Amino acid sequence: MQSIRVSIYEDNAKLRDLLELLITHADGFVLAGSHPDCRSVEGEIRTDAPDVVIMDIDMPGRSGLEGVRIVKETDVNIRVLMHTVFDDDDKLFTCLTNGADGYLLKKDSSAQLVRAVQEVYEGGAPMSPGIAHRVLEAFRQPKPSAKKEYNITDREQQVLELLSRGFSYRMIGLEISISPETVKKHLKNIYQKLHVQCGPEAVAKAIRERII
């Protein structure tokens, strides 16, 4: 049976050491790499060639929110398991929008982490029970007035939906027959209306508010 290659991104040195020991001594796992931040994640991912990445969120220089997106852009087949103290909706939905495959809280046991790495490698989407409940609740609660509440136009909704599917500005323009510059203008308006700073935040909020 092929061993699961695991890379770790964690800025807390003591916790990183513990995670290294955990992975090293777990049957069927191989430590592919261990890093204190995501500043050089593109090159590290190519060198480590991991199957699964354990990714913290709050790291210096470049957060795990951006890190998970870059990992997926580098190799979409790499599974990313967020391992964090944060359980707030904004960070949760931004991680999931950026491509995270699982979301585990640091307060969960080491045994749960090992199981989660195995599960995410096999194509599952492991989450801490409280996190899974919040994801389900977000989709259960209809918010029919959200689009009107934020004054999102039909065209802006189209742009958001395509952005959530990973379309670039150019691809969005081609899909709905507008120029990339017009796409950028729509996105600027969307950011202002939703009170966000970037595309991933806009998509996360649009999903959470049931705009798309």
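Just so you know, all these numbers are worked out from the coordinates, no wet-lab data involved. Because the structure is a prediction, the values reported are computed rather than measured. Methodologically, a virtual Cβ is constructed for each residue, glycine included, from the backbone with ideal geometry; neighbour enumeration extends over all protein chains shown.
Close Lys pairs in the chain, defined as Cα atoms under 16 Å apart and 8 or more places apart or on different chains, number 13. Pairwise inverse Cα distances across the stretch 146-208, averaged and inverted, put the Kirkwood hydrodynamic radius at 11.4 Å. Working note: Cα atoms of the stretch 4-139, range along each principal axis, descending, whole Å: 38, 29, 28.
If you average the sequence gap of Cα pairs under 8 Å that are 6 or more apart and divide by the length of the chain, what percent do you get for the contact order? Relative contact order of the chain: 15 percent.
Taking the helices alone, the chain has a mean residue ellipticity at 222 nm of -16000 deg cm²/dmol, built from -39,500 (n - 2.57) per DSSP H run of at least 4 residues and averaged over all its residues.
Placing unit charges on each Cβ (+1 for Lys and Arg, -1 for Asp and Glu) gives the chain a dipole about its Cα centre, and among 114, 203, 70 the Cα reaching farthest toward its positive end belongs to 203. The trypsin sites (Lys or Arg not before Pro) of the stretch 161-205 meeting both criteria, a DSSP state outside H, G, I, E and B (loop) and at most 14 other C-beta atoms within 10 angstrom of the site's C-beta, are 165. Our coupling estimate for the stretch 70-86, obtained by passing each phi through the Karplus curve with A = 6.51, B = -1.76, C = 1.60 and θ = phi - 60°, is 5, 4, 5, 5, 6, 7, 5, 7, 6, 8, 10, 10, 6, 9, 8, 8, 7 Hz, Gly and Pro reported as x.
Shown here for the stretch 1-71: trypsin sites (Lys or Arg not before Pro) in loop regions (DSSP other than H, G, I, E, B) with at most 14 other Cβ atoms within 10 Å, namely 39. Residue separation of residue 175 and residue 188 scaled by 0.36 nm, minus their Cα-Cα distance, works out to 2.8 nm of gained length. Note on residue 111 and residue 15: the model spin-label points, each 7 Å out from Cα along the C-beta direction, lie 2.2 nm apart.
Between the beta carbons of residue 46 and residue 88, assuming R0 = 35 Å, the FRET efficiency works out to 0.65 to the nearest 0.05.
Estimated at 0.36 nm per residue, the fully extended path between residue 165 and residue 132 surpasses their Cα-Cα distance by 9.7 nm. Quick one: net charge around residue 74, please, counting Lys, Arg +1 and Asp, Glu -1 for every other residue with C-beta under 12 Å from its C-beta. Neighbourhood net charge equals -2.
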